[in-house]
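Data first, discussion second: the structure below is written as structure tokens.
The values are calculated or read from the model by the stated rules, or taken from the named source; none is laboratory data. What you are looking at is a predicted structure, and each value in this text was computed from that prediction instead of being measured. Here the Cβ is made from the backbone with ideal geometry for all residues, glycine too, and neighbour counts use every protein chain on show.
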Amino acid sequence: MNRYDYIICGAGLAGVSSARILAEKGAKILILEKLSHVGGSVYDLLDDSGILVHKYGPHIFHTNNKKVFNFLSRFTKWNKYSHKVEAKFPECNVPVPFNLKSIEKVYGAEKAEDLLNFVKKEFGTDTVSVMSLVESKTPELSALGKFVYDNIFLYYTVKQWGKKPSEVDPKTTSRVPVRFSYDDRYFTDEYQGLPLESYTTMIKAMLSHENITVKTGIDALKRVKLENGKIYFDGEQTEAKVIYTGETDRLFGYCFGRLPYRTLDFKFETYKKDSFQPVATVNYTVSEDFTRITEFKKLTLQKKDGITTVMKEYPRRYEGKDGEIPYYPVETDESRKMYGEYVKLASDYPTLILVGRLAEYKYYNMDAVVARTLELFE
Ligand code: UDP
């Protein structure tokens, strides 16, 4: 073990990005990954029909952070895909985020202009969260807010989080604001796209460094133990720093209780046709028990005629059963407080570093994870 300066638990984006930055500084790295593959939830692969699919849900890279973009661009080219989403209404689909095109579809062009003027006057911006619209002083805007709340957010959020939009962390719903412009891209960031070949290829390129050793199929917590401020690896005290990217409550044996997460069940379906739906993702905001359907070819821009694969997402409470994967931290005052207790415990271990969506218990996007590793290790 003395051969390694860092032991990294988890080969997802957080672990791999940390590994690469540190390896380039000359540190010797050992990564232990529980799953049989690297990449964590950005892992993608060809399915039986030769379609590239995202095994753990659709991932669309987007950022305004040039440093993050430049860093990842050393390991992949990008396909320049710009994400488009529509919500499935009974009569038609409307673009999401709800924008002037959606407003025109629902209310007509004249009304859209009036609403734009109202919003500029009250908010001085063209991007407003649904909750702010609902609470608007302008009756026309609060009526629009109520419409969007009821038809875009309510049922989707109940399926996704088991709670109403008014009950979830406001940061969550404001990820998808109402936009008073004709820009119907899901993300407005300067840089967006998917790795030209695949996420897995990008991850493997990041890991391809003489100072990095990767071992898959190994549950790090069976080998790494924390006790009285000291870290042990295979029973021996280690001086190596430990970067932990898994669930922090699990690291400490759930001693303060279980942090709440949401998990997802995925259903893949392959159809013998060129195209399944008009855009890459269709959100089911008023019907069905899945939240959304994503058609992979439309994200990856893979050319393959006569066949297409889609994925339906069914969210539910994470219970920590074998094989279940926690995808989303459920941030509430109570869960943040519990997480804080774990962080206090972690501070007894000066060589332990918690990084990533799970370990930091934050609803990070991919770019935020990489930004965090650059900030910590560069
Ligand atoms: N949301 C919604 N309806 C939509 C899209 C989003 O209610 O059509 C809400 C929902 O609560 C969701 C949150 O906005 O969890 C954030 O959406 P985002 O697309 O960012 O979720 P992710 O892709 O991270 O699952």
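Key figures for this structure:
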quantity: Failed condition for THR127, given (1) more than 11 Å from the ligand (Cβ to nearest atom); (2) loosely packed, with under 15 Cβ neighbours inside 10 Å; (3) closer than 25 Å to TYR191 by Cα; (4) in contact (Cβ under 8 Å) with a residue 12 or more places away in the chain; calculated: (2)
quantity: Strands (runs of 3 or more DSSP E) completely within segment 197-298 that count 2 or more residues being buried (at least 17 other Cβ atoms within 10 Å of the Cβ) and polar (S, T, N, Q); calculated: 281-283
quantity: Test: residue in segment 366-378 that is over 30 Å from THR188 (Cα atoms), more than 16 Å from the ligand (Cβ to nearest atom), touching a residue at least 12 places away in the same chain (Cβ under 8 Å) and surrounded by fewer than 15 Cβ atoms within 10 Å (Cβ to Cβ); calculated: no
quantity: Where a residue in segment 329-343 is charged (D, E, K, R) and its partner, wherever it lies, is surrounded by 15 or more Cβ atoms within 10 Å (Cβ to Cβ) and outside any helix (DSSP H, G or I), with Cβ under 6 Å and at least six apart; calculated: GLU331/ASP169; GLU341/PHE256
quantity: Extreme residue, surrounded by the fewest Cβ atoms within 10 Å (Cβ to Cβ), among residues of segment 50-88 that are in a loop (DSSP other than H, G, I, E, B) and among the hydrophobic types (A, V, I, L, M, F, W, C); calculated: PHE75
quantity: Test: residue in segment 52-63 that is modelled with pLDDT of 95 or more and over 19 Å from the mean Cα position of the chain (by Cα); calculated: no
quantity: Selected residue (only one of TYR284, TYR271 is without any contact (Cβ under 8 Å) to a residue 60 or more places away in the chain and within 30 Å of PRO90 (Cα to Cα)); calculated: TYR271
quantity: Close pairs from segment 179-191: first over 7 Å from ASN99 (Cα atoms), partner modelled with pLDDT of 95 or more and outside any loop (DSSP other than H, G, I, E, B), Cβ under 6 Å, at least 6 apart; calculated: TYR186/VAL85; PHE187/HIS62; ASP189/HIS62; ASP189/THR63; TYR191/THR63; TYR191/PHE69
quantity: Matching residues, segment 345-378, being touching an Asp or Glu at 6+ places or on another chain (Cβ under 9 Å) and either at pLDDT below 95 or among the polar types (S, T, N, Q) (or both); calculated: THR351
quantity: Hey, GLY356 touching a residue at least 12 places away in the same chain (Cβ under 8 Å), at positive phi and surrounded by fewer than 19 Cβ atoms within 10 Å (Cβ to Cβ) or not; calculated: no
quantity: Of all residues making up segment 162-192, the number that are outside any loop (DSSP other than H, G, I, E, B) and either away from the ligand (no atom under 16 Å from the Cβ) or of a type in the set (S, T, N, Q) (or both); calculated: 5
quantity: Unique residue being of a type outside the set (A, V, I, L, M, F, W, C), modelled with pLDDT of 95 or more and within 22 Å of LYS164 (Cα to Cα) when the list is SER73, SER82, SER129; calculated: SER129
